[in-house]
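Each reported figure results from applying straightforward, stated rules to the coordinates on display, with no laboratory input. No experiment lies behind these values; they were computed from the predicted model shown. Positions of Cβ are backbone-derived with ideal geometry, glycine not excepted, and every protein chain shown enters the neighbour counts.
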Amino acid sequence: MKNTESGNFVRALETGDRELLRRVPRADVHNHAGLGGDFNTWVAQEGLDIKDNSHHFPDFTDFQKFVDKIYSYPNENPTSKQNRERILSLYRATYDLAVSDGVTLIEPGIDALILDFFDGSVEDMIAELTLLDSEYKGRLEIRPDVGMIRVFPMDEIERTIYPCIESGYFAALDVFADERHGPPEEFRQIYRDAKKAGMKLKAHAGELLDADFVRRSVEVLELDEVQHGIAAAKSPEVMRFLADNGIRLNICPSSNIQLCQVESFKTHPIRILMDNGVKVTVNTDDAIIFGQKSSDEFFNLFETGLYTAVELDMVRLNGFKD
C-alpha cells in the first residue's frame, strides 16, 4: 500500500495532477489549529478585501495584529461562551480543510489560554475538544499540541499550561510567538515536567533568530522537534548537530516567505537542510492567513525544479515518523 501511495504521490507531482495528490495521505505536523482553515472561505465570511498570497508581513508585529483580527469575536466584550464558539469554529475549519486536502494526520497547536474560554474547567475543555475530534474519526488522526505564548508573563503561562499538561489530552508541548522574547531557559522546568508526563517536546525556533538559537533551544528544552528551524541552514555545525541527533524540523515554506524570512520557494533553505542530512517535513502553519494547503506546499516546492518527486515523497513520509 505504501508503495502505491508513493507511486501516486510521485505521479501526481510529475503530471501536475492535484486531485490525485489530494488522495495521497499526508501529515501536517506544524499547524496552528485556530488558523488552519480555508483562506477563501474565511475571507468571504469576514468580508475582507485581500487576495490569496497578496499580503506579506515585514514586521512580525504586523502579523500578530492580523492573527488577533482572526481570533477577535465579532461582538464587543464577548462572553466566554462566545469566545469558545468562535475558537471551536476555527478548529473545525482547520480539520475540514485538512480532510478535504487529503491530510490524514494532523498535530494541531492549541493555545493553553483556551482554558479561559471554559472558565478554567479542564473537564469541560477536554469534553468539547474530544467531541470535536470524534467528528473526524476514521478520516483524520488528531494529535494535539498545547502551546504557550512566549511573550506572556511566566505566572500567566503557568496558570493554564500545567492544567493542560496534567489533563493527559495533549500529545506534545510547544512554545511559540516572537522568539526574540521569552528565551528557552525560562521554559526549562515546564518542558521537564511535560517530558515526565510523556509528551513530545517541540518549540518554535530559528524562524526569526539564528542557527545558534535553534541549537540552544534543542539543548535547553531537550526538544524532539523544532517548528521552523530554517536558520539552521546557515550553520554546517548546527545542521550536523540536528542530523546526528535526529531532530526533525517541521517547516512551513509559505509562512517563511510571507513573513519575509525567505525570498521565494526557489531560495528556501529546505534544500540545504535536506542535503545536510536534516530530517524535514512540509506543513501549512496558518493556512487561513497564508492561503496554501498541504498539497499546494508540495507543488510549490516541486515547481522550483530543485527537488525530485521522489525526494519530496521522502519528506512526505517523514511526517508520519516521530
For labels at ARG22 and GLN189 in the simple 7 Å Cα→Cβ model, what's the distance in nm? 4.9
In a GNM of the chain with a 10 Å cut-off on Cα contacts, which of LEU242, LEU173, LEU131 has the highest mean-square fluctuation? LEU131
Under a Gaussian network model of the chain whose springs join Cα atoms within less than 10 Å, the largest fluctuation of ALA44, ALA197, ALA211 belongs to ALA44
Run lengths n ≥ 4 of DSSP H only: what is the helix-derived mean residue ellipticity at 222 nm for the chain, with -39500 (n - 2.57) per run over all residues, to the nearest 500? -14000 deg cm²/dmol
Given the options ILE270, ILE106, ILE247, state which has the largest fluctuation in a GNM of the chain using a 10 Å cut-off (strictly under) for Cα springs. ILE247
Computed on Cα atoms only, the convex hull of the chain has an orientation-averaged projected area in nm² of 15.5
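Hey, which of these cross-link pairs are over 18 Å Cα-Cα: LYS200/LYS321; LYS234/LYS279; LYS279/LYS321; LYS200/LYS279; LYS137/LYS195; LYS234/LYS266?
Details: LYS200/LYS321 13 Å; LYS234/LYS279 16 Å; LYS279/LYS321 10 Å; LYS200/LYS279 16 Å; LYS137/LYS195 27 Å; LYS234/LYS266 16 Å.
Table pairs above 18 Å Cα-Cα are LYS137/LYS195.
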